[in-house]
Amino acid sequence: MIALTVAQIAEIVGGRLADISPADAAASVVTGTVEFDSRRVTPGGLFLALPGARADGHDHAAAAVAAGAVAVLAARPVGVPAIVVEPVASESRSGALEHDDAVGSGAAVLGALAELAAAVSAELVAKGLTIVGVTGSAGKTSTKDMLAAVLAPLGRVVAPPGSFNNELGHPWTVLRADENTDFLVLELSARHRGNIAALAAIAPPQVAVVLNVGTAHLGEFGSREAIAETKAELAQAVPESGVVVLNVDDPAVAAMAGTTAARVVRVARSPGADVWAGPVELDALARPRFALHAGDGPAVEVALGVSGDHLVSNALCAAAVALECGATPQQVADALTGAGPVSQHRMQVSNRADGVTVIDDSYNANPDSMRAALQALAWISRGENPFASRRSWAVLGEMAELGEDAISEHDRIGRLAVRLDVSRLIVVGVGRSMGAMLHGAVMEGSWGAEATAVADVDAALALLRAELEPGDVVLVKASNSAGLTRLADALTGHESGDRR
């Protein structure tokens, strides 16, 4: 973050000083990062006291200051230097996303965080910062990682780690930028209309990317049309002097060209768009290779370091942004080719010492991304010799927030696993949705032990440890709420950290 005194921050967010004198507040400078986990505080930082599911950040304020925080942004005095903001409803303060904990003290601190981020982003844009925003029903995080890679040759890039794309993660990421940052890449997510517009107002993008309109959060929005209108809020937030990159292979995204005053750059997997891909080939690990076409210049070859045919569109969008920012086609191709998986639990393919291949896509899931992951599993298990296929396992958990379509969508995924000839389908969890997935597989022709339901992650892990054989390929995928990241970590030998 840019250096600000405690007094300046208090003025920006409309807070009052507690346990610090006005003179000391004017002399105390925040030079480090803003953190909401007291264990991550570093000297010179600012600590956000937020209530959480397991702990209240106010209870950790003293520890944060002991670790080096200059002050705490809080909803009540905490016995150490603090900027106190009064509890208010989230909408009246910042327009931030609705959140189960965003009432009272949580809303106050989140609102203040948004105001601080808005002030900092405005100052940095005036000094030359370029803000790039990306949204879509699927693929935001992988595209964000690609954007960071293709923009890196052009300057210093700040991008969120993982999926920091909501009312907390979005402004938190903005505050990672400082005077030395050239590009700030932001993800924007939504659960209700107006969410993306509110986030975009915190850090208005000069360049925006809309990837797709799917069925993620369908239960919250009620219709795909409502989702499309919400995603279009990002395109509408870009000024006339900016650029909007649209994946026109999705008709709902293509239609957004008429909603923005900015210049539109169209990308597609076929000729006719401004940036497009030649024929796509996949290697043995489902990593795409294609010719990147842009303008009238010669095509350049791209060999992605990530797995999944569906990632081609994401790569094209990232390429279009970099080209608009001044990169050459060859710079883009080199960056995309050299960029492997960055964010955890998103199409990470690893080969174990015993010959088992694990596809860890366990962080999130919706019908579109689930289909794409299953297709990648089928491709990798088939390999170069379809007559000597490896045994494939799809270990799947619930796709959350699908509303009335939950039963039918889970049923379709069960059926798709059978159609793709997945050797073993392990349905993890209980309830109507997971029952529908198992039922779909059985009705499509699965028999015997080909499709199995287990109660939880521990039961799934026990089954896999007992029955996995060298050469098997295992896909682990579900919405984050299903907890299958723990299963993926156990299979790959990684450990997941938690946050307070």
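The values are calculated or read from the model by the stated rules, or taken from the named source; none is laboratory data. Source: prediction; values computed, not measured. Here the Cβ is made from the backbone with ideal geometry for all residues, glycine too, and neighbour counts use every protein chain on show. Ligands, DNA and RNA are stripped out before the accessible areas are found, and what is left, the full protein with its side chains, is counted by its heavy atoms. Shrake-Rupley method; radii C 1.70, N 1.55, O 1.52, S 1.80 Å.
Given axes a ≥ b ≥ c from the Cα gyration tensor, I'd like to know whether the range 214-347 is rounded (a/c under 1.5), prolate (a/b larger than b/c) or oblate. Walk me through the numbers before you get to the answer.
Working: a/c = 1.96, a/b = 1.29, b/c = 1.53.
Oblate is the answer for the range 214-347, as a/c is 1.5 or above yet b/c matches or exceeds a/b.
In terms of modelled amide H atoms, which long-range or inter-chain residues lie less than 5 Å from the amide H of LEU73?
PHE47, LEU48, ALA49, ILE83
Label GLN330 and ALA201 with points 7 Å out from Cα along Cα→Cβ: what is the distance between them in nm?
Taking the two extended label points, one gets 4.7 nm.
Can you give the FRET efficiency for THR42 and ASN480, using 1/(1 + (r/R0)^6), R0 = 25 Å, r = Cβ-Cβ distance, to the nearest 0.05?
0.40
Let me cross-check LEU463: its accessible surface, 1.4 Å probe, with only protein heavy atoms counted, in Å² to the nearest 10?
Surface open to solvent at LEU463 totals about 30 Å².
Pull out a ≥ b ≥ c, the square roots of the eigenvalues of the alpha-carbon gyration tensor of the range 140-225, then state rounded if a/c is under 1.5, prolate if not and a/b is larger than b/c, and oblate in the remaining case.
Here the range 140-225 falls in the prolate category.
Let me know the charge dipole size of the range 395-500 about its Cα centre in debye, to the nearest 20, where only the beta-carbon of Lys, Arg (+1) and Asp, Glu (-1) is charged. Please list the in-between numbers first.
Values: 10 positive and 17 negative charges, 17 e Å.
Dipole magnitude for the range 395-500 comes out near 80 debye.
On a 0 to 90° scale, report how tilted helix 140-151 is relative to the longest principal axis of the chain, with both axes built from alpha carbons and the result rounded to the nearest 10.
70 degrees
Taking θ as phi - 60°, what are the ³J(HN,Hα) couplings along the range 183-190 by the Karplus curve (6.51, -1.76, 1.60), each to the nearest whole Hz, with x for Gly and Pro?
Each residue's phi maps through the Karplus curve to give 9, 10, 9, 10, 8, 10, 10, 8 Hz.
Taking H placed 1.01 Å from N in the peptide plane, check which residues at least 5 places from LEU425 or on another chain put their amide H under 5 Å from its amide H.
ALA394, ALA451, THR452
Would you please name the GluC sites (Glu not before Pro) within the range 353-423 that are DSSP coil residues with at most 12 other C-beta atoms within 10 Å of their C-beta?
GLU384
With a cap of 12 neighbouring Cβ atoms within 10 Å, and only residues DSSP puts in a loop, list the chymotrypsin sites (Phe, Trp or Tyr not before Pro) found in the range 369-448.
Here the sparse-neighbourhood loop sites are TRP447.
Rolling a 1.4 angstrom probe over the protein chains, ignoring ligands and nucleic acids, what is the accessible area of PHE164 in square angstrom, nearest 10?
Roughly 30 Å² of PHE164 is accessible to a 1.4 Å probe.
Rounded if a/c is under 1.5, else prolate if a/b beats b/c, else oblate: with a ≥ b ≥ c from the C-alpha gyration tensor eigenvalues square-rooted, which is the range 371-500?
On the way: a/c = 1.62, a/b = 1.07, b/c = 1.52.
Judged from the Cα gyration tensor, the range 371-500 comes out oblate (a/c at least 1.5, b/c at or above a/b).
Out of residues 5 or more away from ARG156 or on other chains, whose amide H comes under 5 Å of its own, with H placed 1.01 Å from N in the peptide plane?
ASP182, PHE183
List the GluC sites (Glu not before Pro) within the range 149-233 that DSSP assigns to loop and that have no more than 16 neighbouring Cβ atoms inside 10 Å.
Answer by residue number: GLU179.
Would you work out the charge dipole size for the chain about its Cα centre, treating the Cβ of every Lys and Arg as +1 and the Cβ of every Asp and Glu as -1, and quote it to the nearest 20 debye?
Computed charge dipole of the chain: roughly 360 debye.
Which residue, chosen from ALA152, PRO171, VAL13, occupies the Cα position most advanced towards the positive end of the dipole of the chain, where the dipole is computed from +1 (Lys, Arg) and -1 (Asp, Glu) charges on Cβ about the Cα centre?
So the residue we want is ALA152.
Can you compute the FRET efficiency between ARG191 and ALA23 using 1/(1 + (r/R0)^6), with r the Cβ-Cβ distance and R0 = 45 Å? Round to the nearest 0.05.
0.55
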